1. Does ARG96 satisfy the criteria of being under 25 Å from ALA223 (Cβ atoms) and basic (Lys, Arg)?
2. Has region 73-81 got at least one residue that is more than 16 Å from GLU271 (Cβ to Cβ), of a type outside the set (Asp, Glu) and surrounded by 15 or more Cβ atoms within 10 Å (Cβ to Cβ)?
3. Any chance region 195-216 includes a residue that's of a type in the set (Val, Ile, Thr) and modelled with pLDDT of 95 or more?
4. For region 131-218, give me every one of the helices (runs of 4 or more DSSP H) that falls completely inside it and has 1 or more residues that are open to solvent by less than 50 Å² (accessible area, probe 1.4 Å), out of contact with any Asp or Glu (no Cβ under 6 Å at 6 or more places or on another chain) and among the hydroxyl-bearing types (Ser, Thr, Tyr).
5. Determine the pairs where a residue that is more than 12 Å from ARG63 (Cβ to Cβ), located within region 89-103, has a partner that is hydroxyl-bearing (Ser, Thr, Tyr) and in a helix (DSSP H, G or I) with Cβ atoms under 8 Å apart, the partner being 6 or more residues away or on another chain.
6. Consider only pairs whose beta carbons are under 8 Å apart and that are at least six residues apart or on different chains; among these, list those whose first residue lies in region 234-247 and is closer than 17 Å to ALA109 by Cα and in a helix (DSSP H, G or I) and whose second residue is among the β-branched types (Val, Ile, Thr) and open to solvent by 40 Å² or more (accessible area, probe 1.4 Å).
7. Consider VAL121 against the criteria (1) open to solvent by 20 Å² or more (accessible area, probe 1.4 Å); (2) at pLDDT below 95: it satisfies all of them except one. Which criterion is unmet?
8. Of the numbered conditions (1) closer than 29 Å to TYR149 by Cα; (2) open to solvent by 40 Å² or more (accessible area, probe 1.4 Å), SER276 satisfies every one except a single condition; which is it?
Amino acid sequence: MTIRPRTAPLLFLLLTATACAGGAGTGPTAAAPPVADVQAAPEPIDLLLDHFHIESIVVPRGRAFTRQAALLIGDLSDSEIERLVSAVQTGFEAGRLRDDVAAFMLRAAPDGYVQQIARWVESGASADVDLQASAYEPPVPLEEWLDTYTEEPPSAERVRLVARWSEARQEGTFFLLLEQALDEASHEVWAALRSNAPAFDSLSGDALFARLTQSSMAAVVTALHAHEPISDDLMRASTLEYESEAGQWYVETYQIAVAEAVRAAGVRVAETLRGSAPQ
């Protein structure tokens with residue numbers, strides 16, 4: 001049985017939709033190494049966050065959110081834009097977002113899960129896939145590669161394998177979860193600045209599944225392009241790691257944690273704006 005954290009209705013629906021588709025001690029007389037040479041080993045939760053490149057999510061999020069909220073509201077004055085920029089700088093501070101994601105995952109983690117996952121994240125097949133993909137620079141950009149895709153497409157077996165790997169990582173779901181979380185956070189800000197702001201209306205029904213399908217297909221195509229040199233055997237081994245009970249907990253909980261961290265950041269921004277409103 002897969003252990004799932006408690007989620008908001010939208011997050012649970014999105015996840016359900018996708019699911020359907022110790023070192024030796026130092027002796028007492030040993031000389032201590034110079035302080036500059038001592039590097040603390042990363043905590044297991046940091047290995048989990050870094051494996052999914054959390055910095056690429058949290059570092060640019062504040063600036064992107066400012067633009068999104070401003071475009072959504074549409075008629076901000078210069079003073080309101082200044083207040084918004086200042087509130088977002090604090091509310092979406094990258095370190096705070098990362099800490100919120102880590103705290104959520106640690107609260108939700110069954111005993112031993114974080115340590116178990118950290119082992120294969122650090123030295124398993126998925127670690128090798130990430131290392132090779134990070135070192136690989138495709139000879140042509142994705143858009144150009146797509147132009148020739150139908151002329152020399154990957155084999156059907158390769159497409160199925162990469163699609164299974166992408167589905168195990170629930171990549172399409174993650175992009176949609178993040179998109180919806182940012183939209184909801186933007187509506188929080190809108191409501192803080194405008195009493196007549198409409199309520200957030202999450203995707204549902206056919207629109208939700210159509211968007212999920214689109215997002216999932218885009219994720220598979222992107223993975224095919226970015227992982228061309230990685231062997232089938234290694235991709236298959238990585239897929240099995242993600243498909244394990246602990247692996248699915250990791251994928252789902254990380255995604256929900258990021259979405260919740262974004263929503264919480266939106267609430268912080270909205271509260272700051274309400275508190276700094278001109279009297």
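1. The answer is no for ARG96.
2. Residues of region 73-81 more than 16 Å from GLU271 (Cβ to Cβ): 73-79, 81.
Filter once more, keeping what is of a type outside the set (Asp, Glu): 73-74, 76-77, 79, 81.
From the residues that got through so far, the ones that are surrounded by 15 or more Cβ atoms within 10 Å (Cβ to Cβ) too are 73, 76.
The answer is yes; a qualifying residue exists.
3. Scanning region 195-216, I find no residue that is of a type in the set (Val, Ile, Thr) and modelled with pLDDT of 95 or more, so the answer is no.
4. Correct list: 156-168, 171-193.
5. Filtered contacts from region 89-103: THR90/THR272; GLY91/THR272; VAL101/TYR254.
6. GLU245/THR2; GLU245/ILE3
7. If we test VAL121 against (1) open to solvent by 20 Å² or more (accessible area, probe 1.4 Å); (2) at pLDDT below 95, just (1) comes out false.
8. For SER276, the exception is condition (1).
The values are calculated or read from the model by the stated rules, or taken from the named source; none is laboratory data. Predicted model, so just to flag it, every value in this text is computed and none were measured. Virtual Cβ from ideal backbone geometry, glycine too; neighbours counted across all protein chains shown. The accessibility values were calculated without ligands, DNA or RNA, using every heavy atom of the protein model including side chains. Shrake-Rupley method; radii C 1.70, N 1.55, O 1.52, S 1.80 Å.
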